[in-house]
Amino acid sequence: MDSNVIAIKSDGDAWELDVLGVPYGGPNNGRDSDGEYFSPQTKLYLEQYPVVPAVYYHGYDENGQPASEPQIIGKTTGYEVRDNGVWFRVVLDKANDYARRVWDAAKNGIARASSGSIAHLRRVGRDGHITHWPVAELSIFDAVGKRQPANQYAVAMPVMKAVYAAAGLSLPDDIEGEDAAQPEAGATGAQQSAPAVKADDTPQGETTTSNDPKEGIMDEQSVQDIVAAALKADREKRDAEAKAAAEVQAKIDAAVAAKAAEMQAQIDAAKAEAAAANRLPGAMNGAPHVAQFGYAAKFDNLDIGDLAVLAALGNATNMINRSKGPSEELLKTLVTRLGESSEGDKPEYGAAKATLRDVQQRVHGKAVKANELNYSTYATYGDEWVGVTYSNALWDKIRLATPIVGRIPTVTVPQGSESVIIPLLGASPTFYKVAQATAQDANPGRTTATYTTGKLGTSSQTLTTSKLGAAVNWSTELDEDSFIPWVSELRRDLTNEAAEVLEHIVIDGDTVTTATTNINDIGGTPAGTEAFLVLNGFRKLALVTNTANSRSAGTLAVEDYLETLKLMGLGGRNAADRNAVSFITDIHTAWKSLELAEVKTRDVFSAPTIENGVLVGIYGRDVITSVNMHRANQDATYGLKANTSGKVDLDTASNNTTGSILAVRWDQWRFGYKRMMSFEIQREPLSDSTLIVVNMRVGMVNRDNEAAAISYGVTLS
């Protein structure tokens, strides 16, 4: 609506504005210029963000260019929900030139506002209804030229104007002040007009104006009385709200104190009961507390997996007449923990519990609880359920200990075969334009076919396994009791080393043993026992099998990550699904990547690229740093690096000066195993020691040749 509204000077007083920052509806059929709208149901999270900064034009300058530093022109001091939206009280910074610009615009009725939110928390329905909008900043600006808000209902006005608008009055012309804007040139008697906004202003609201220039004009004392009354009412309202809030807080504090007292009483009662239970025999309050399973106390520091390994070692030493096997106490503890504790309900022990139940039924003829059994009868069946327990527990921990191996889909090679054939889809059916049927092959007969037939291509890949193992010696002086503190360290070391070796071979694996050919020993000939000979890994596919999926990077730039993705299939289409593809870098390339300016300023990845000093994502894909890439190179100076062709030279260590960026599509690989981790033990009489041999049979195969790509030769200096 139009109204003769005159601004009042505010020299010596705070510059306060009432800002309709979140207007309900909009001027375009109830929506703003983006086709969206707020409503009373919009969640603004004002309790979480009670004070937000007032910013000039969303961080842009008056020319619409990004400002070198966003202009913070003030702050909000409160808000009020009204019929037409949420109004914010804003105090401007009188020392800021842009604040002065906004203040003058507000007095002239041309100040507009726009609230800003947090992009990843914003939610908008299909009909344009903004359902979630955490208000994180409030932009205010002079709406001149192209500087316009998305919703023209969003306005800002001096507080005195807001008071008068709420009272349905206009400020008198004769108290405007020397800083007020002059009327625009026009017809005789024309005066400058500005939109007046009421507390209940709506898109349909209309008012009329009088041609009598003296109508509605008051003397100075009347104005002061009205303003004083409005300010008094505002103070009384705030005092009432503060009093109500204090009363609510007092009730909360009282409830918390009562609950704390109740909990303390329960704690004191529990302590008293525990003290009574542990008094000496003959006392008035009963006998000492007795543990239910006293035999299990010495195994308390071991988990189920450790107990199973300990039992397996006992069985193995018994087979070579070096011990009587696992003790009855150990087996009883293991059965009890599997069957009666919450630890035994973990998924990795599911197979062990199933095998144990089968043994229980064979021994007792029916399923019974673990604490009802004669545990000594299980010694004969130890190989059945103990082996399953430690094998599954160890295997899961080894496979999942690395974020790389754990992401590869896993298959099991069935018993009775040394490999598994994985069927694959080949070429897809071809679609053609089909003509309308117009003829018959014969009369009588069928209609002449108009379709061109095709076929679905199929193929297969064979996953074969190879054996991977290690050996550990321990002295004869160790008996079962001394195993207890030692077995946890043995199992932990086996788990960690096996996980690192598996990560190494899936990245670096190359089965070729001829001279100057293997990517892990390009200057010499592998001895034939290296772990990387077990299978062909990611680097082998990109560097040798499909050289089109490799490129030389040179000086590292952020685009090297993007160019690596483009190598994966026609136009990089195999890398289009960002949830299926990740980057893997060696440790040196990871350090170098942290120096990229784009990484530091988050220009490439919308979410944080660095968390706790680690590069976690770029171009929408995860970045995994592997300390086991180029693992064959353990040189003190050039270790974990490759030569300029992306291959490791073990004969001339100084040739290894560069890093690599791998891109891997996980669902295009299959990791298989024939044998999980198993133990074998052999007596060594000449050294009075015993040898533990651990081994597994694993393999890996790729679906096609687009499953990995690499940028090699990354300059690290």
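Figures for the structure shown
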item: Wholly enclosed strands (runs of 3 or more DSSP E) of segment 48-154 bearing at least 3 residues farther than 30 Å from R235 by Cβ; result: 130-132
item: Test: residue in segment 663-671 that is in contact (Cβ under 8 Å) with a residue 24 or more places away in the chain, among the small types (G, A, S) and either over 23 Å from E500 (Cα atoms) or not in a loop (DSSP other than H, G, I, E, B) (or both); result: yes
item: Among the residues listed as N536, N549, N520, the single one being over 21 Å from W666 (Cβ atoms), crowded, with 19+ Cβ neighbours inside 10 Å and touching a residue at least 24 places away in the same chain (Cβ under 8 Å); result: N520
item: Single residue of segment 114-165 satisfying the filter (among the small types (G, A, S), surrounded by 14 or more Cβ atoms within 10 Å (Cβ to Cβ) and at pLDDT 70 or above) that is farthest from D34 (Cα to Cα); result: A136
item: All positions within segment 69-99 that are surrounded by fewer than 16 Cβ atoms within 10 Å (Cβ to Cβ) and free of Cβ contacts under 8 Å to residues at least 24 places away in the same chain; result: E69, G78, E80, A95, D97
item: Top-ranked residue of segment 21-58 - restricted to ones that are of a type in the set (F, W, Y) and within 17 Å of R82 (Cα to Cα), ranked as surrounded by the most Cβ atoms within 10 Å (Cβ to Cβ); result: F38
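The values are calculated or read from the model by the stated rules, or taken from the named source; none is laboratory data. Predicted model only: the values in this text are computed from it and were never measured. We place every Cβ from the backbone using ideal geometry, glycine too, and count neighbours over all the protein chains shown.
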